[in-house]
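Below: the structure, in structure tokens.
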Amino acid sequence: MIKEIYPPRQLNGVLRVPGDRSITVRAILLGSIADGTSVVREYLDCDDTGASVNIMRELGIDIHEERDNGSMLRIHGASMHGLHAARQELFCNSSGTTMRLLAGLMAGQTFASTIDGSEQLRNRPMRRIVEPLTRMGALISSTSDHAPLYIKPANLHGIDYLMQVASAQVKSALLLAALYADGDVIIRETATTRDHTERMLSAMGVAVRYGHQNGDGSSHAALQASEESRLLPQSSGQTPVVDRQISIPSRQLPGALHPLDMTVPADFSSAAFFLVAAILHPHSRLELPGTGLNPTRTGLLEALRAMGAVVTVQNSGLQGGEPVGDLVPVTSRLRAMEVSGALTSLMIDEFPIFAVAATQAVGTTVVRNAEELRVKESNRIDDLVVELRKMGAHIEATSDGFIVAGPATLRGAVVDAHGDHRMAMSLAVAGLIAEGKTTLTGAECVSKTYPGFFDDLAAISASSDK
Ligand code: S3P
């Protein structure tokens, strides 16, 4: 699909972006093993969540989708030991979240399963989950640690694990496997990542415990840290500092997960495109109500505010155990900044749109410690640099991030999404502030997380000069 984008005269209006993808996928998986019927309102209906629904149906779960008065999922949970073997492979399409979390769930079942996905997903690294799950006793085979994953029934044990990459998907795979383990599962994160799984498990009655401590804090942690520090990409031979520790006590509740009754917050990562669009466009004010503001997700907001963006938050509160609020961004002037360290994980999905923002900031913006961007749906360092340069941006790639010199005048060009939903939406936003016409090829990939993106974009830029 090709989309043509022109700069609108103004951006204005109220837009509730669709529900959070990470939370919806977790609700589908966890609701399926709850003891009773879960109700999930305002869920996200997209390719990633559709794959998750199909898979849980394959495993014998009855799931109803209602779309009449707002969207709602009814998931008839079969309890922790009520899933049935599927007749075919479990196909995750391009959803890395579905595949990695599902692997944790399948590892503890009494039947075998095969998990596969699209070519794009087959190219993404799975060693990060295979290695710790195997240490818990899981029987997983694959070719060079890539999908398809073949999982056999196994008895899972506890683990005390120091995370090797900052990844909520890995952490969540271990937390799901922990439900079936016969020992305590302790996960030590060196950088805090999104905590939706922990929050949802707590709401379902699981005793999730948190701690903050250094790797030297307990002898076991220090030992494991020194054993594993050579595996850490940024290892300097020092014991890594553990930022957060999450633990689940051993096999605490066979069959006792309470069903969910929740409204899914609007996805901060989807709101991010409109947040940046409003800040960069010279005549704009948007209201983005009910947006998820979980602090493990809002690093972009922190960064933009530090750069001078004017964004107010109204009506903040809690919804389904998650912080939410109405974001109100207006046209702002930005100064360059450096993003590195812990902040990187808190905005991991937002770097493509952050790069667009950086093209308009005064000074040199530097992103470091973001090598994970190379193994997302596309290589979000190299591909982003190629596409934004076509529009006149002064951006260069580094091994673990990028450097942008701003402000630059962007010009419309023919740009490609590289099969990556967040690249597509970021380039579309760049088109809103570029001179002339931007032609975006491969735009159909937005359906991965935001099928109505271009309609919503048209709705807030109704008075455009076409
Ligand atoms: C996600 C975690 C992040 C993020 C992805 C969704 C999740 O991936 O990039 O879009 O729902 O847990 P990693 O865990 O690989 O960092």
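The values are calculated or read from the model by the stated rules, or taken from the named source; none is laboratory data. Computed from a prediction, not measured in an experiment: that's the story for all the values here. With ideal geometry, Cβ positions are generated from the backbone for all residues, glycine too; neighbour counts draw on all protein chains shown. The accessibility values were calculated without ligands, DNA or RNA, using every heavy atom of the protein model including side chains. Shrake-Rupley method; radii C 1.70, N 1.55, O 1.52, S 1.80 Å.
Odds and ends about this structure:
- In the range 313-351, of all residues being hydrophobic (A, V, I, L, M, F, W, C) and within 16 Å of the ligand (Cβ to nearest atom), the one that is nearest to the chain's Cα centre (by Cα) corresponds to ILE348.
- Residues of the range 182-192 that are in a strand (DSSP E or B) and more than 16 Å from the ligand (Cβ to nearest atom): VAL185, ILE186.
- Residue identified as open to solvent by 30 Å² or more (accessible area, probe 1.4 Å) and either closer than 26 Å to THR441 by Cα or in contact (Cβ under 8 Å) with a residue 60 or more places away in the chain (or both) among ALA393, ALA397, ALA355: ALA397
- Test result for VAL385, in contact (Cβ under 8 Å) with a residue 12 or more places away in the chain and in a strand (DSSP E or B): no
- Any hit, the range 366-388, residues being of a type in the set (Asp, Glu) and away from the ligand (no atom under 16 Å from the Cβ): yes
- Among the residues of the range 116-162, those that are assigned to a loop (DSSP other than H, G, I, E, B), away from the ligand (no atom under 16 Å from the Cβ) and of a type outside the set (S, T, N, Q) comprise MET136, GLY137, ALA138, PRO153, ALA154, HIS157, GLY158.
- Pairing residues of the range 183-194 that are more than 9 Å from SER247 (Cβ to Cβ) with residues that are open to solvent by 10 Å² or more (accessible area, probe 1.4 Å) and more than 16 Å from the ligand (Cβ to nearest atom), at Cβ distances under 7 Å and at least 6 apart in sequence or on separate chains, gives GLY183/HIS157; GLY183/GLY158; GLY183/SER250; ARG188/GLN245; THR190/PRO240; THR190/VAL241.
- Condition met for VAL165 (in a helix (DSSP H, G or I), surrounded by fewer than 24 Cβ atoms within 10 Å (Cβ to Cβ) and either within 12 Å of the ligand (Cβ to nearest atom) or in contact (Cβ under 8 Å) with a residue 12 or more places away in the chain (or both)): no
- Taken over the range 408-433, residues that are surrounded by fewer than 18 Cβ atoms within 10 Å (Cβ to Cβ) and either within 23 Å of LEU343 (Cβ to Cβ) or of a type in the set (Val, Ile, Thr) (or both) amount to 2.
- Residue match in the range 269-281 (condition: outside any loop (DSSP other than H, G, I, E, B) and open to solvent by 10 Å² or more (accessible area, probe 1.4 Å)): yes
- For the residues ARG57, ARG16, the requirement of being away from the ligand (no atom under 16 Å from the Cβ), basic (Lys, Arg) and free of Cβ contacts under 8 Å to residues at least 40 places away in the same chain singles out ARG57.
- Count of residues meeting criterion [part of a loop (DSSP other than H, G, I, E, B) and touching a Ser or Thr at 6+ places or on another chain (Cβ under 6 Å)] in the range 349-382: 3
- Residue within the range 24-38 that is open to solvent by less than 30 Å² (accessible area, probe 1.4 Å), farther than 14 Å from ILE63 by Cα, more than 12 Å from the ligand (Cβ to nearest atom) and not hydroxyl-bearing (Ser, Thr, Tyr) present: no
- All conditions in (1) crowded, with 17+ Cβ neighbours inside 10 Å; (2) within 13 Å of the ligand (Cβ to nearest atom) hold for LEU179, with the sole exception of (2).
- Residue in the range 92-109 that is without any contact (Cβ under 8 Å) to a residue 60 or more places away in the chain and either over 24 Å from the mean Cα position of the chain (by Cα) or farther than 25 Å from CYS445 by Cβ (or both) present: yes
- Filter pass, ALA51 being within 16 Å of the ligand (Cβ to nearest atom) and either assigned to a strand (DSSP E or B) or under 11 Å from SER95 (Cβ atoms) (or both): yes
- Each residue in the range 74-95 was checked for being within 16 Å of the ligand (Cβ to nearest atom) and more than 20 Å from GLY31 (Cβ to Cβ), and 1 pass.
- Annotation: of all residues in the range 193-209 being of a type outside the set (D, E, K, R) and more than 13 Å from the ligand (Cβ to nearest atom), the one that is most open to solvent (accessible area, probe 1.4 Å) is ALA203.
- Residue within the range 328-348 that is assigned to a strand (DSSP E or B), of a type outside the set (Val, Ile, Thr) and crowded, with 22+ Cβ neighbours inside 10 Å present: yes
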